[in-house]
Each structure stands twice: as C-alpha cells, then as structure tokens.
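The values are calculated or read from the model by the stated rules, or taken from the named source; none is laboratory data. All values derive from a computational prediction rather than experimental measurement. Cβ placement follows ideal geometry from the backbone for every residue including glycine, while neighbour counts extend to all protein chains displayed.
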Amino acid sequence: MKSTHIRQILSQAITLGMVVSSALIIWKGLICITGSESPVVVVLSGSMEPGFKRGDLLFLYMNKDPIRTGQIVVFNDGRDIPIVHRVIEVHERRDSKEADILTKGDANDDDDRMLYASNRQWLQQKHIMGRAVWFLPYVGWFTIIMTEKPVIKYILVGALGLLVITSKG
Amino acid sequence: MMCAIASLSDNLNTPSPSAEIQIMNINWFQKQPQGNDEVSLTMNISADLQSLFTWNTKQLFIFVSAEYETPKNSLNQVSLWDAIIPAKEHAKFWIHTSNKYRFVDQGNNLRGKEFNLTLHWHVMPKTGKMFADKIVLTGYSFPEEYR
C-alpha cells in the first residue's frame, strides 16, 4: 500500500513538472520565433481604444525591418511597464540608418513625448520591443485579474493543489 | 483555431481601395524660433475603402502621412491626419480638413521640396492577424518661399 502511495505522489509530481516545463518550452519557443523578449502582451490601458481594449491580448513580432509610421509597437525606454502605441513620425538618418521615432495612442489627443523617460524627444529602434501582429480579445483579463487581485491567484493555486492531491492520477 | 480560420478568410478577400488627396491651401509656412520648418495645410481627402471590410473586420484605422527626404534624413514620415472607420457604410467618404498633427521638419529643408502623401489603412480584426497597406500619391511640393 505504502509503495503504491509513494509511486502515486511521484507520478503526480512528474506530471506537474512536465506541465510546467512544457509551458516554459512553449514560452521560450515563442520568444525565439517572434524575435521579441515579450512575445505576448496584455493591453492594460484604454489609450488605443476602440481598437484595443483593456484585457485584449497582443502577439508581437520583431525583426530587423525598419520602423515605419502606422505600426503598432510595444516600447520600453526605461519605465516600469511597456506601452503599446502607434508610430506617427519617423525620421531615418541617411548615414547611420538610425531613426527618431514618435508614438501616440490612438485614443489620445497628444503624442507620447511627455511619457518618454529622461526628457527624451524621440524613441530609438532599441526602445522598441516588438510590433503587434495578432490580436485576441478578452483573453488577457486572466493576467490582469491575477496581477490586480492576487487573492484569486492564491485561491486558484490552492484549488489546483487540492485537485492534484485528491485526483487518482 | 477560430483565430486561424478567421484570418484565412481575410486572406481570400481581394480588395480594391481608391483614394485622392488634394491640397486646397497652404495656410502658413514658417521657420520656427528653434530653426525647424513648420507648415499648416488644408486637404481634401476622398476615398473608397469599402472593399477592405470583411466579416472579421472590427475597424479600419486610416491616416495620411507626408513623406520626403532631406540631406540629413533618407526618409521623413509625418502623420498629418487620422480617423477610425468603424463600419463599411462609413468607408466611402470625403473630408475637408487641415492637418491634425503638427508638420515640423528636423531642420529647415522644406522650401521648394517635393513630397508624397500616403493614405495608410490598418485593418483591425475582431480576432486574429492585423494587416496594413497604403496608397502612395506623388507630385506635391512646398512653396519656394515662407508665407
């Protein structure tokens, strides 16, 4: 009886380990395929409405293609959280191919200059983490709830743990 | 899965958009105190983008940008005006408008310069892949002198 019990616990632990490592493999795979450090992003604010709403999920892709007006980019120039806005101005240097980039949320009246860190007037390519290419509505609400209402996260983890323990394998 | 099917059907759509932009007036054209040229202009924009709408289209984000080159910059793109088209019925339109956003050069290169006006559209789906395209209209130029 005792050895079967131990075997059950071990097999459940291995299953859990496999689920977690599969998730990690998929995540790392996504980073590789999309060329972006954060291949998936949840929309946190209403500044791109009505196109994107809070809770929508964006899939990002990044390559060496130049940044051009109209592209929806995720940028982080030293702030806490990355921002998803549209490029409205590009000035690309003839010699270095470096570019000065200006962004703006579709729903905002003003451009993002006031948001840029360190009194920056323009973003550079290195501040752009990815371009939004795919979109799923509502799916990101899961992450928002987990972050903003941690008690739900604990309830879920607790319930999951209970489920693993009490299941027959 | 639904996402993939939705986007697949979007790919089967063969759109035939059209657009025209006339510059009705150069309202003013000055060199600002910091040394950069700035221009204010009024445009007539007309377009028929109805064929871009599919059952999976949530909205079109459209904008007009001016494109030109200068000695320092091989490409300058400046958005002048944008709008959201929420439904097919609104996708055939004309509008008389001055530039919504400031048109400021990095420098004072604009006098007598030729530029393009491009109407871009960004298709935002209900779900799935976003895609964009544009119509480039050439042959515009700034006045030789400030005014």
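The single condition among (1) over 21 Å from B:Val64 (Cα atoms); (2) in contact (Cβ under 8 Å) with a residue 12 or more places away in the chain that A:Val73 does not meet is (1). Restricting attention to the range A:123-150 and to residues that are within 30 Å of A:Glu89 (Cβ to Cβ), assigned to a helix (DSSP H, G or I) and in contact (Cβ under 8 Å) with a residue 24 or more places away in the chain, the residue that is nearest to the other protein chains (Cβ to nearest Cβ) turns out to be A:Gln125.
Among residues of the range A:151-166 that are farther than 17 Å from A:Val20 by Cα, those with a Cβ under 9 angstrom from a residue that is surrounded by 10 or more Cβ atoms within 10 Å (Cβ to Cβ) and modelled with pLDDT of 70 or more, sequence gap 6+ or separate chain, pair up as A:Ile152/A:Ile145; A:Ile152/A:Met146.
The set of residues in the range A:108-122 that are surrounded by 14 or more Cβ atoms within 10 Å (Cβ to Cβ) and either in contact with a Pro (Cβ under 7 Å, 6 or more places away or on another chain) or more than 14 Å from every other protein chain (Cβ to nearest Cβ) (or both) comprises A:Leu115, A:Tyr116, A:Arg120. Counting only strands (runs of 3 or more DSSP E) that sit completely within the range A:27-103, those holding 3 or more residues that are in contact with a helix residue (DSSP H, G or I) (Cβ under 8 Å, 6 or more places away or on another chain) correspond to A:57-61. Is it the case that the range A:16-36 has a residue that's on the phi < 0 side of the Ramachandran plot, surrounded by 18 or more Cβ atoms within 10 Å (Cβ to Cβ) and among the β-branched types (Val, Ile, Thr)? The answer is yes, given that some residue of the range A:16-36 is on the phi < 0 side of the Ramachandran plot, surrounded by 18 or more Cβ atoms within 10 Å (Cβ to Cβ) and among the β-branched types (Val, Ile, Thr).
For B:Phe29, state whether it is modelled with pLDDT of 95 or more and within 11 Å of chain A (Cβ to nearest Cβ). So B:Phe29 does not fit the description; no. Close contacts from the range B:69-80, counting a first residue that is at the interface with another protein chain (Cβ under 7 Å from one of its Cβ atoms) and part of a strand (DSSP E or B) and a second that is surrounded by 23 or more Cβ atoms within 10 Å (Cβ to Cβ) and charged (D, E, K, R), with Cβ to Cβ under 6 Å and a gap of 6+ residues or different chains, come to B:Val78/A:Glu89. Does the range B:92-111 contain any residue that is assigned to a strand (DSSP E or B), within 11 Å of chain A (Cβ to nearest Cβ) and under 26 Å from A:Ala99 (Cβ atoms)? There is at least one residue in the range B:92-111 that is assigned to a strand (DSSP E or B), within 11 Å of chain A (Cβ to nearest Cβ) and under 26 Å from A:Ala99 (Cβ atoms). Taking the conditions (1) at pLDDT 95 or above; (2) within 14 Å of chain A (Cβ to nearest Cβ); (3) surrounded by 18 or more Cβ atoms within 10 Å (Cβ to Cβ) in turn, B:Phe142 satisfies each one other than (2).
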